[in-house]
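The values are calculated or read from the model by the stated rules, or taken from the named source; none is laboratory data. The structure presented is a predicted model; accordingly, all values stated were derived computationally and were not measured. Neighbour counts are summed over all protein chains in view; Cβ atoms, including those assigned to glycine, are modelled from backbone coordinates with ideal geometry.
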Amino acid sequence: MSTFNRFLKPSLSGRWLIRRRPNSLPRYWRNISQASGADNYVRFRDWLLVLNACNIPHRTVSMSGREQIYVPPLMEGIALAELDAFSKESSRLEPVSTPMHMHRHYAVAPLFLLPLLVWHSWRVGWWPAPSFLPPPDTWADVGMLDNILVYIYGQWYRLATALTLHVGLTHLCGNLAFGSLFISLLARLTGIGRALWLTVAGGIIGNGLTVLLRPKLVTSMGFSTALFACVGALAGFMAMHHSQRRKAVLPIAAGIAILAMLGTEGENTDYAAHIAGLFSGMMLGTWEAWRLRKNWPALPELLAGTLAIALPVAAWYWAFSVLNR
């Protein structure tokens, strides 16, 4: 293309108009940037770094809000070749992130938390409990997390039953509200069944960690350990999706920030259980993302969701069996 044609542009009427070369440029210097100029600051900065590294004379001019790069005519071919080589090398080294698969019907996941409300209403007497169950006033003593009874007497069912007990209505409503939000987000990434499984399993593992790490007697109850396991699973899953470490840190930092905002309030807050739940959830979420990346088999959605519901039910059956002895 000649120098004259390089500065021609069509008008709205179809005629060709001459585009003026900036007066500050030497005569015959050639524009090596895109026809419309550099529309990305990072790309423009990289171009300048390449030209400086190759000792290629150049000048930059701003035209119509876009940055243009000019080089001497004899250096045009060399400059274009260096920029092309840099572009190919950058595209080869840049990690490619596969788009996340979004599951449908994730908005119904919070409905699976309604049994917590029903169970609490039976325990406090809002609704009459079924006659085949033990008296509701005994449920808290037999089901709350007691690290001495778990570790010494082997009452491991408390790791699951404690998740279904709450101190009061405020405690329950807070866990249901935030749990509905985060379990919906997790279900969108993993599916409803696997989201329930990651949440319940993370809560049970988190309670188990608190038992093993505490030498003194501590009792606790509530779904908040599973809630933070859900947050951790969401953070771990999203962190594994990013190939760049800088981007992978952001979901982890967000999970820790949520723990700091929601898991450190109240006089009777079990900080250790919240931290353990977040950590166990991160491990499970990381594993889930790694499994999907490697295309390894896993439990089907329906089976995973059924197992998540069956574990607390089986735990309470075990607890009531111990109570009736």
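Would you pick out the residues in region 160-173 that are surrounded by 19 or more Cβ atoms within 10 Å (Cβ to Cβ) and under 26 Å from the mean Cα position of the chain (by Cα)?
160, 163, 164, 172
Please go through region 126-141 and pick out each residue that is surrounded by fewer than 20 Cβ atoms within 10 Å (Cβ to Cβ) and closer than 27 Å to residue 216 by Cα.
137, 138, 140, 141
Enumerate the pairs (first residue in region 211-239 and on the phi > 0 side of the Ramachandran plot; second residue anywhere and at pLDDT 90 or above and buried (at least 24 other Cβ atoms within 10 Å of the Cβ)) with beta-carbon separation below 7 Å, excluding pairs fewer than 6 apart on the same chain, so at least 6 apart or on different chains.
Note: pairs meeting the criteria are 222/166.
Checking the structure you have, find out if any residue of region 95-115 is of a type in the set (A, V, I, L, M), closer than 24 Å to residue 272 by Cβ and in a helix (DSSP H, G or I).
yes
Would you be able to say whether some residue in region 177-194 is part of a helix (DSSP H, G or I), touching a Gly at 6+ places or on another chain (Cβ under 7 Å), modelled with pLDDT of 90 or more and farther than 18 Å from residue 221 by Cβ?
Yes, region 177-194 has at least one match.
Within region 55-88, take every residue that is among the β-branched types (Val, Ile, Thr) and modelled with pLDDT of 85 or more and give me the one that is surrounded by the most Cβ atoms within 10 Å (Cβ to Cβ).
Looking at the filtered set, the residue picked out is 69.
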